[in-house]
Amino acid sequence: MRNKDNSNIMKIIVIILSSFFATGFLNGSTLNVGLIGHYTFEGNANDINSSGNNLQLIGSNQFISSGHHGGQALRTNGDRSVWYNGGGYLTPGFLINNNSISAASFNFWTRNEASGGPYSPGHTEEAYIEMGFADNQPHIKLLTRALGSYGSIGIQTHVMNGVWQGQDSPTFSFLDWKMITLTVSDTEYVAYLNGIEFDRRSIDGALLPTPNIRFGSHTWDTGSGNSARMDVEWDNMRIYDRSLSSAEVAQIYATESVPEPSAFSLLAVGLGVVLRRRRRTV
């Protein structure tokens, strides 16, 4: 009987580990295509794939211990003024003047957004992400916007193709981690909140390549200065050189919205089941 139990234990171990590694390979094979930067902000803003495609940290920032699903996260601190040349924000410097990129996707988790200045809380010029130059140049930005109350805010897209246009996201609590995604191609952009599309619009001309892509600030005119009032925490950022599909965005959210179990935790669960079964048969 003992040999049979040991054999069952080994079978369960093999099944659990095979399932775990197969799932990891599947996720990696689909979500790593075109991935040119992945940042978990564990004490730095470097690409964890060691490609050298690191983010540039500008202004006041620090790494905090309460990251999404544990670990660390990055907090950028704006100076909460109307005009600031060098506030707290981050930018993917490796994309600057890269003429090979005509489509891209930006995916990241944020929380604890706060802003200052005369526009708060009804509107702020701070952007989760901004591409291109504002105010009189073609650009896209996803910005914070208070909707109804201080504790309920949303995201608004702005695209400038001669006129302003955009769509508000569903409201959410700024205290909660949320996943924001922006995909851009030569013909359209699509914005997502927590894996669900909330805005899709055509654009008049290609925005990529652009020498200006920033997270957490708003550029004025042709780069003469920027506004950086936004305080925000960032975690698990991904940058792609292609436009993700809606299914892929949903897959990232499903993968990252809950902690991924380790092989050891899965093994412990499996062994626990076996031990309970053995107690019942004794």
Count - residues of the stretch 71-81 that are assigned to a loop (DSSP other than H, G, I, E, B) and either within 16 Å of Phe108 (Cβ to Cβ) or under 18 Å from the mean Cα position of the chain (by Cα) (or both) | 2
Among the residues of the stretch 38-70, which ones are closer than 15 Å to Arg111 by Cβ, surrounded by 15 or more Cβ atoms within 10 Å (Cβ to Cβ) and of a type in the set (Gly, Ala, Ser)?
-> Gly67
Quick one: which of Gly78, Gly34, Gly59, Gly67 is among the small types (Gly, Ala, Ser), more than 14 Å from Val232 (Cβ to Cβ) and in contact (Cβ under 8 Å) with a residue 12 or more places away in the chain?
-> Gly34
Apart from one, (1) at pLDDT 75 or above; (2) open to solvent by 10 Å² or more (accessible area, probe 1.4 Å) all hold for Leu147; the odd one out is (1)
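Listed here are the residues, each with its yes/no results for (1) under 26 Å from Ala73 (Cα atoms); (2) more than 14 Å from the chain's Cα centre (by Cα); (3) open to solvent by 30 Å² or more (accessible area, probe 1.4 Å); (4) of a type in the set (Ser, Thr, Tyr).
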{"position": "Thr157", "(1), (2), (3), (4)": "yes, yes, no, yes"}
{"position": "Asp168", "(1), (2), (3), (4)": "no, yes, yes, no"}
{"position": "Phe174", "(1), (2), (3), (4)": "yes, yes, yes, no"}
{"position": "Trp177", "(1), (2), (3), (4)": "yes, no, yes, no"}
{"position": "Asp186", "(1), (2), (3), (4)": "no, yes, yes, no"}
{"position": "Leu193", "(1), (2), (3), (4)": "yes, no, no, no"}
{"position": "Asp199", "(1), (2), (3), (4)": "no, yes, no, no"}
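Here are some residues: Thr255, Thr219, Thr210. Which one is β-branched (Val, Ile, Thr), surrounded by fewer than 20 Cβ atoms within 10 Å (Cβ to Cβ) and at pLDDT below 95? Steps first, please.
On the way: Thr219 fails: surrounded by fewer than 20 Cβ atoms within 10 Å (Cβ to Cβ); Thr210 fails: surrounded by fewer than 20 Cβ atoms within 10 Å (Cβ to Cβ).
Result of the check over Thr255, Thr219, Thr210: Thr255.
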Within the stretch 19-37, is there a residue that is part of a loop (DSSP other than H, G, I, E, B) and either modelled with pLDDT of 95 or more or touching a Cys at 6+ places or on another chain (Cβ under 6 Å) (or both)?
-> no
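The values are calculated or read from the model by the stated rules, or taken from the named source; none is laboratory data. In this text, all values refer to a predicted model and were calculated from it rather than measured experimentally. Don't worry about glycine lacking a Cβ; one is built from the backbone with ideal geometry, like all the others, and counts go over all protein chains shown. Please note that ligands, DNA and RNA were not included when accessible areas were found on the heavy atoms of the full protein model with its side chains. Shrake-Rupley method; radii C 1.70, N 1.55, O 1.52, S 1.80 Å.
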